[in-house]
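Here's the structure we're looking at; comments come further down.
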Amino acid sequence: MENVSFTEIKDEYELVKSQITPEKYTELVQARIETLAGLCDPKTAALLVNNDLGMTKSTPVPDSIKIKNIEPDGSTIRVIGKVINIGSVREFPRKDNSTGRVISITIADETGCVIASLWDEMVENITGGFVKVNDIIDITGQAKDGATGTQINIGTKDSICISQESIQATIPQKKISEIKNNESNIYLTAKVLKIGDVKTFNRKNGTGKLRNISLGDNSGKMNATLWNDKADLSPDIKVGDSLLIRNATAKYNDFSKSVELQIGDSTTIEKTNDVVSFSESFAPISQVTAGKKFSIKGHIVDISEIREFSNDSGQVNYVGNIIVKDGTGQIKVTLWGKNTEIIKQIDLGMPVEIIDGQGKEGMNKIIEMNTFNNRAYFKTSLTPFSNTTGNMQYLTIL
């Protein structure tokens, strides 16, 4: 274990220099690090020594508080909690052309959980392996109102240290039906129902990426958007797998008219062996309304020709329709682009399931359905493009 250099802790010493010599101060800091088996950086050890000395100048180390009692008022607080999630490092440009860094972790105690963001040099505490998932840590930082609720900002003048305290962390998992708009710190285990393609978009500082997936459990289903690096989903994750998702947020999507999960830098996803049950809920065709998504099933009673057309930019596209009928009525289902390939694989009378079709108002205010990125299931043994699940085969429309 390397000896502490006084230059590393001189700023902290300034707060107590009237009480102790530099030599004795350095000796106490070294002893504190050795007591904690090297699991504390010099600056943090110095702050703990200052606290032992009853430091009253500048920003003294406060008494620790429970997570449920944190108020986002900008004050410096101290919290002891268990690390239950570690996000990804994000770099960003500063106005002086330097590069900043930030990483978010989630800590929990018996009263709840909170996100703590470590900035710049403090990031090394995570990337260097000083702090890991399941560690108990003692932190100081500023409690503020962040984009996803209350969070703690930990800068270079704050501290993070391994604690010997015993913490009973509360990590409540949500069911999909319980997730509400603007919720944060969401933990859930869900089944992958659909995986969309990666899409790119332009933003001020370059190009971004996103991917949409659909998740389900025994309470319902919802869409999730994976942003930037998270869009590069592991190739090991397939439809039907169970995922453990830590620290997601929920936002209302004006286009889909539903609450969706947001999975970004501070969220982690991992495959789990937990079995998650999901059963699709089908609506009678007569109950389909405009502006919402529905899953329906019935029989194909009409199939149109595939029609080619050009959009305003001159790009060639394709459209086709089928009509599906059940015991309550019938509905025209429109397929676009490569989704029209399904028309070549089906025939009249086939049973079909349309998953997450978008209800819309057509001519004469008759309700119709669009299937942009959805799946159609049907019973057949003739299609070479189908995947088999039991006695039901399905074709995925991307």
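If a residue must be of a type outside the set (Gly, Ala, Ser) and not in a loop (DSSP other than H, G, I, E, B), how many such residues does the stretch 277-297 contain?
6
For the stretch 288-309: of the residues being modelled with pLDDT of 90 or more and over 17 Å from GLY329 (Cβ atoms), which is surrounded by the most Cβ atoms within 10 Å (Cβ to Cβ)?
Applying the filter and picking the extreme gives ILE303.
Please pick out the residue among GLY129, GLY146 that is surrounded by fewer than 19 Cβ atoms within 10 Å (Cβ to Cβ), free of Cβ contacts under 8 Å to residues at least 12 places away in the same chain and farther than 15 Å from ILE65 by Cα.
GLY129
At pLDDT below 85, among the hydroxyl-bearing types (Ser, Thr, Tyr) and at positive phi - does that describe any residue in the stretch 56-65?
yes
Of the residues that sit in the stretch 165-205 and are in contact (Cβ under 8 Å) with a residue 60 or more places away in the chain and among the small types (Gly, Ala, Ser), which one is surrounded by the fewest Cβ atoms within 10 Å (Cβ to Cβ)?
GLY196
Do you know which of the residues in the stretch 342-364 that are part of a loop (DSSP other than H, G, I, E, B) and either without any contact (Cβ under 8 Å) to a residue 24 or more places away in the chain or of a type in the set (Gly, Ala, Ser) (or both) is farthest from ILE296 (Cα to Cα)?
That would be GLY362.
Can you go through GLY240, GLY196, GLY141, GLY208 and tell me which one is more than 23 Å from VAL123 (Cβ to Cβ), in a strand (DSSP E or B) and more than 15 Å from the chain's Cα centre (by Cα)?
Of GLY240, GLY196, GLY141, GLY208, the one residue that is more than 23 Å from VAL123 (Cβ to Cβ), in a strand (DSSP E or B) and more than 15 Å from the chain's Cα centre (by Cα) is GLY196.
Could you give me the residue pairs with C-beta distances under 8 Å whose first residue belongs to the stretch 4-17 and is assigned by TED's automatic domain parsing to the domain that holds ALA46 and buried (at least 18 other Cβ atoms within 10 Å of the Cβ), whose second residue is in a loop (DSSP other than H, G, I, E, B) and of a type in the set (Lys, Arg) wherever it lies, and which are 6+ apart or on separate chains?
Taking only residues 6 or more apart or on different chains, the pairs are LEU15/LYS57; VAL16/LYS57.
Could you check the stretch 250-267 and list, in sequence order, the residues that are within 27 Å of SER88 (Cα to Cα) and not charged (D, E, K, R)?
ALA250, TYR252, ASN253, VAL259, LEU261, GLN262, ILE263, GLY264, SER266, THR267
Taking into account only those residues within the stretch 80-129 that are in a loop (DSSP other than H, G, I, E, B) and either among the hydroxyl-bearing types (Ser, Thr, Tyr) or under 21 Å from the mean Cα position of the chain (by Cα) (or both), which is nearest to ILE167 (Cα to Cα)?
THR111
The values are calculated or read from the model by the stated rules, or taken from the named source; none is laboratory data. Since the structure is predicted, the reported quantities are computational estimates derived from the model, not experimental observations. Here Cβ is always computed from backbone atoms with ideal geometry, including for glycine, and neighbour counts include all displayed protein chains.
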